[in-house]
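Reviewing the structure listed below.
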Amino acid sequence: MPPKKSTLEHFFKAPPSKRTRNAASPSSPSTTTKSSTDSLVPSSHPTYQFAIPQLPNSITESLEHAIPSLDNGKRVDDQPHLDLVHFHRYLPRGIEASIFDFLRENLFFYRVQYAKKFGNKEMQINTPRYTTVFGVDESSFFNAQPGSDSGPNVCVECMGTGACNHGVDTRTTQVIFDSKSKCPVPKDRYSCRPRPIPDGLMFLKKMTEASTAQTYNFCLVNYYADGNDSISYHSDDERFLGANPAIASFSLGTNRDFLMKHKPDKKKPAKTENVLKDKPLKLTLDSGDMLLMRGAKKAKWLHSIPKRKGGESGNGRINITFRKAMVPGGTENYYKYNVGEGGTFKWSRKDKNMIPWTS
Ligand SMILES: O=C(O)CCC(=O)C(=O)O
Ligand SMILES: [Fe+2]
């Protein structure tokens with residue numbers, strides 16, 4: 001069955017055409033060069049290592065016309081406690097490859113190291129993939145990137161008159177406000193420095209929100225450079241995700257296996273669960289696929305992307321997850337494990353590899 005055209009197209013018509021345009025070349029939507037980002041102002045912020053260009057119009061225009069709705073996905077719920085929706089080729093063919101190239105080339109990545117206690121032994125963990133993260137939990141929000149329309153772009157209290165004495169000009173910079181008081185957040189709320197979601201990923205976030213009927217405030221990106229990169233079994237069941245979490249997970253680039261195992265039920269081990277404990281379920285995730293993981297049941301399952309040999313194991317894969325963290329602990333956790341304190345890496349077209357980035 002061909003993908004159903006979304007009834008939400010009108011939702012996306014407005015944002016892309018209003019995307020921030022450089023005052024120096026104020027081209028109208030109809031005259032903008034379709035395949036270039038030249039006339040679109042990149043997203044920048046003091047926490048970014050470098051500015052991130054907006055998605056080229058050639059990508060956003062294709063996406064506007066092909067947003068699958070929830071019933072286009074295949075339910076994967078034939079096992080105890082399993083509730084997934086797999087959208088095969090959610091992103092149109094060809095466009096998914098352009099988004100992969102765009103993100104690999106334009107984001108800053110990290111190879112995070114951290115210490116973890118096993119009993120009373122402390123081990124140094126080297127995260128076996130490149131990571132990066134943007135967003136802030138529900139207790140706070142960023143004003144929109146100046147000039148764009150992805151959120152309130154004036155101080156929500158004084159509406160840009162300056163009468164609030166907040167001492168920040170939200171017309172020129174993005175700052176974090178408290179969701180309740182609508183004032184800039186107290187300085188001690190975060191020990192990390194949250195980063196606003198850049199416009200390109202914000203576009204994908206809005207699209208995902210429309211087709212999954214959920215909202216998200218975080219965007220985590222993994223880059224698996226080759227088959228040696230992986231993520232071990234875990235279940236993304238942190239309490240900071242709230243009672244009914246939803247995670248939308250995109251795959252771009254080379255395909256990889258997504259393995260799932262039911263957690264052992266310590267109280268009453270049932271037969272099926274014993275079988276599942278030994279033999280994981282496998283989904284192959286192709287470029288452009290989206291996997292929606294919903295609800296509290298998710299906590300009963302573990303998932304992983306194992307290392308891979310042979311075939312296309314030399315090629316890279318990007319995974320993007322949109323999530324919603326409810327409290328500051330979620331923000332601290334995501335920045336600790338996806339940015340950390342080491343150096344920055346950037347894709348080098350010449351070397352066809354991630355290389356250390358220096359300003
Ligand atoms: O790369 C993937 O598909 C899975 C990533 C994942 O499970 C995670 O980031 O929590
Ligand atoms: Fe995960």
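The values are calculated or read from the model by the stated rules, or taken from the named source; none is laboratory data. Everything numeric here is computed off the predicted structure, so don't read it as measured data. Glycine gets a Cβ as well: all are built from the backbone with ideal geometry, and neighbour counts include every protein chain shown. The accessibility values were calculated without ligands, DNA or RNA, using every heavy atom of the protein model including side chains. Shrake-Rupley method; radii C 1.70, N 1.55, O 1.52, S 1.80 Å.
Take the residues in the stretch 308-327 that are among the basic types (Lys, Arg) and within 16 Å of ligand 2 (Cβ to nearest atom); name whichever of them is surrounded by the fewest Cβ atoms within 10 Å (Cβ to Cβ).
Keep residues of the stretch 308-327 that are among the basic types (Lys, Arg), which gives 308-309, 317, 323-324.
Filter once more, keeping what is within 16 Å of ligand 2 (Cβ to nearest atom): 317, 323-324.
On the way: Arg317: 25, Arg323: 25, Lys324: 21.
Among residues in the stretch 308-327 that are among the basic types (Lys, Arg) and within 16 Å of ligand 2 (Cβ to nearest atom), the one surrounded by the fewest Cβ atoms within 10 Å (Cβ to Cβ) is Lys324.
With a cut-off of at least 2 residues that are in contact (Cβ under 8 Å) with a residue 12 or more places away in the chain, more than 15 Å from ligand 2 (Cβ to nearest atom) and surrounded by 22 or more Cβ atoms within 10 Å (Cβ to Cβ), name the strands (runs of 3 or more DSSP E) lying wholly within the stretch 204-266. It would help to see each step written out before you state the result.
Working: elements: 218-224, 231-234, 246-253, 256-262.
By residue number, 246-253.
Looking at (1) open to solvent by 40 Å² or more (accessible area, probe 1.4 Å); (2) over 22 Å from Glu209 (Cβ atoms), find the lone condition where Ile305 falls short.
(1)
Please enumerate the residues belonging to the stretch 111-137 that are assigned to a strand (DSSP E or B) and touching a residue at least 12 places away in the same chain (Cβ under 8 Å).
Just the residues of the stretch 111-137 that are assigned to a strand (DSSP E or B), to begin with: 113-118, 121-126, 130-135.
Passing the criteria: Gln113, Tyr114, Ile125, Asn126, Tyr130, Thr131, Thr132, Val133, Phe134, Gly135.
Among residues belonging to the stretch 309-337 that are part of a loop (DSSP other than H, G, I, E, B) and within 20 Å of Lys352 (Cα to Cα), point out the one that is nearest to ligand 1 (Cβ to nearest atom). Step through it out loud before you land on a result.
Residues of the stretch 309-337 part of a loop (DSSP other than H, G, I, E, B): 309-316, 324-327.
Subset that is within 20 Å of Lys352 (Cα to Cα): 309-316.
Working: Lys309: 18, Gly310: 19, Gly311: 17, Glu312: 15, Ser313: 15, Gly314: 18, Asn315: 14, Gly316: 12 Å.
So the residue we want is Gly316.
Quick check: anything in the stretch 117-139 within 18 Å of Val339 (Cβ to Cβ), out of contact with any Ser or Thr (no Cβ under 8 Å at 6 or more places or on another chain) and basic (Lys, Arg)?
Taking the stretch 117-139 as the starting set, the residues that turn out to be within 18 Å of Val339 (Cβ to Cβ) are 124-137.
Right, trim to out of contact with any Ser or Thr (no Cβ under 8 Å at 6 or more places or on another chain) and you get 124-127, 130-134.
Filter once more, so that each one left must be basic (Lys, Arg): none.
Checked the stretch 117-139: no residue is within 18 Å of Val339 (Cβ to Cβ), out of contact with any Ser or Thr (no Cβ under 8 Å at 6 or more places or on another chain) and basic (Lys, Arg).
Within the stretch 187-201, is even one residue open to solvent by less than 10 Å² (accessible area, probe 1.4 Å), within 15 Å of ligand 1 (Cβ to nearest atom) and of a type outside the set (A, V, I, L, M)?
There is no residue in the stretch 187-201 that is open to solvent by less than 10 Å² (accessible area, probe 1.4 Å), within 15 Å of ligand 1 (Cβ to nearest atom) and of a type outside the set (A, V, I, L, M).
Among the residues of the stretch 244-259, is there at least one that is away from ligand 1 (no atom under 16 Å from the Cβ), modelled with pLDDT under 95 and more than 20 Å from the chain's Cα centre (by Cα)? Walk me through it before giving the result.
Residues of the stretch 244-259 that are away from ligand 1 (no atom under 16 Å from the Cβ), as a first pass: 244.
This time we only want the ones that are modelled with pLDDT under 95, so: 244.
Pick out the ones that are also more than 20 Å from the chain's Cα centre (by Cα) and you get none.
No.
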